[in-house]
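Every number in this text was worked out from the coordinates using simple rules, so none of it is lab data. Everything quoted here is computed from the prediction, not taken from an experiment. Cβ sites come from the backbone with ideal geometry, for glycine too, and all protein chains shown count toward neighbours.
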Amino acid sequence: MDSSLRRAGSRGGRRRSPFLVVLLCVAVVAGLGGFSLGYFDLAPTPGPTGTPAPTATPTLDPDQPTPTPKPTATPTVEPTPTPGTYPTPDFSQNLSDPAAFFGPLPTVSDPKPAPHVKVRALYVAGGVNMSANLSLIEKSEDLNTVVVDLKESDGVYFETQNALAKEIKAVKGGLTLKSFAANCHARGVRVIGRIVVFKDPILAAARPDWCLKDQSGNVLKFTNEGGNPFVSPYRQEVWDYNIALAQEAIGLGVDEIQFDYIRFPTGPTKSGAAVYVGPSGMVPTRIQAINRFLAKARILIQDKYGVPFGGDVFGIILSSKTDSKNLGQDWATIGVVPGLDNLCPMIYPSHYANSSTTHYSGNGTGTYLNGTLYKKPDLEPYGVMYNALLLGKPATQQAGFSAVRPYLQAFTASYLPSGYYQDYKAEQVAAQIKAIRDAGFDEYICWNSKGIYPASAFQ
């Protein structure tokens, strides 16, 4: 899952180390307008404000049971198309409206219904402990789904026939998706296919013209993104490539599609130059660009094939408008992208700033969430999850808001300083699940890059 905190057990792919660059760990970010540093905030933490906690635990509707996964007919998918060709924006006119900049959204002549299924899932990277985890899901009364990588930042992991993926040598293999999905379905387990979108150094190297650039046309590299270029969320060719991979995976039996890294890069550029996509005020905002991409993807994935489509977002956007603006992820509007099935905020207690004064994870104060100060957030998994969700809950009351499906922490953040972390076992995982339900939600995905999950947490 998406996080630039790429350490052992943390989000962001298979290559994880506690010594890699930390997300948003500078106070002023060149070229990004100055991130507020959401996670591991080194700037002063806002004071205790927020909505009051409810006096009673919300009760889930007993008449809305979680649907039991059932094998369904695999949709027929056309041959994988190549990315479309799009005109260079004409800045002699104002293109700030997304329809003017990106053109009209596609239409589907016969849209298919995509009923929402309540998901409680385990993320399993690269088949690690896959057999044990499928058995755990199969036996659990709560779990019903596995999340697997279709495409990570270092390549495509299923048997794709996508011409562009083959051309740029992005196909790594390792997952025979068709037989895997069939096996899961035979065991009553749903399959969500995760696709990392804009953090794609392989595509960036092959197509520098599709990357984020400075005003002089130079491709930018981003310190917090491994020092690599970042493909541009404004390039519809990049949209088409990832949508095509999703469509192909649907034809191989995936039950849902989940897009990750649907954001702009974090941290400064190595050159110090700012990202430039057009004259100020003449192009859609970052938030509008991401939302337009998701709107197009939803039509060509969910409407076209009747397969639910959702996206992963940073947990910090539930509480920080500054980070929302720079990431291009706005909680209040991304959730009402028409028809988007679900949103998965990554709310990991270890990722919030602690009160340490000697470690990069601390800001000397801690983190306020909904008026509560957490000096050692990792030690309070229930409170962090509960109050983060309460901060984001008002937006979810909008008509048509996506289902909320948080990612929760199921790994030990041993990279934090001594005394600021704990072993995450069944008790800590169960506490987060309870917090999700107490906040009025009923779905979750567990994240552990090693695929090790405590069975007793799901009883």
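Treating each Cα of region 298-399 as an identical point scatterer and summing with the Debye formula, the log10 of I(q)/I(0) at q = 0.20 Å⁻¹ comes to -1.01.
Its relative contact order, with pairs defined as Cα atoms under 8 Å and 6+ residues apart, puts region 118-458 at 16 percent. Computed from backbone phi with θ = phi - 60° and the Karplus coefficients 6.51, -1.76 and 1.60, the 3J(HN,Hα) list for region 265-270 is x, 9, x, x, 7, 5 Hz; x is used for glycine and proline. With the Cα gyration tensor of region 365-459 giving a ≥ b ≥ c as the square roots of its eigenvalues, does the rule (a/c under 1.5 for rounded; else a/b larger than b/c for prolate; else oblate) give rounded, prolate or oblate? Since a/c reaches 1.5 but b/c is at least a/b, the shape of region 365-459 is classed as oblate.
Charging the Cβ of each Asp and Glu at -1 and of each Lys and Arg at +1, and nothing else, the dipole of region 118-458 about its Cα centre rounds to 340 debye.
The alpha carbon centroids of region 321-351 and region 78-154 are separated by 15 Å.
Would you mind checking region 301-328 for residues with the amide N under 18 Å from a putative spin-label position 7 Å along Cα→C-beta of Q397? Flagged as within label range: 318-319.
Candidate cross-link partners of K434 among the lysines, defined by an alpha-carbon separation under 23 Å and a same-chain spacing of 8 or more, comprise K118, K139, K375, K376, K393, K425. When each of the peptides 236-246, 327-337 is scored by how many other beta carbons lie within 10 Å of its residues on average, the order from highest to lowest is 236-246, 327-337. Packing-based ranking of 90-101, 300-311, 344-355, 423-434 yields 344-355, 300-311, 423-434, 90-101, ordered from highest to lowest mean Cβ neighbour count within 10 Å.
For region 237-295 and region 382-451, what is the separation of their C-alpha centers, rounded to whole Å? The two parts, judged by their Cα centres, are 25 Å apart.
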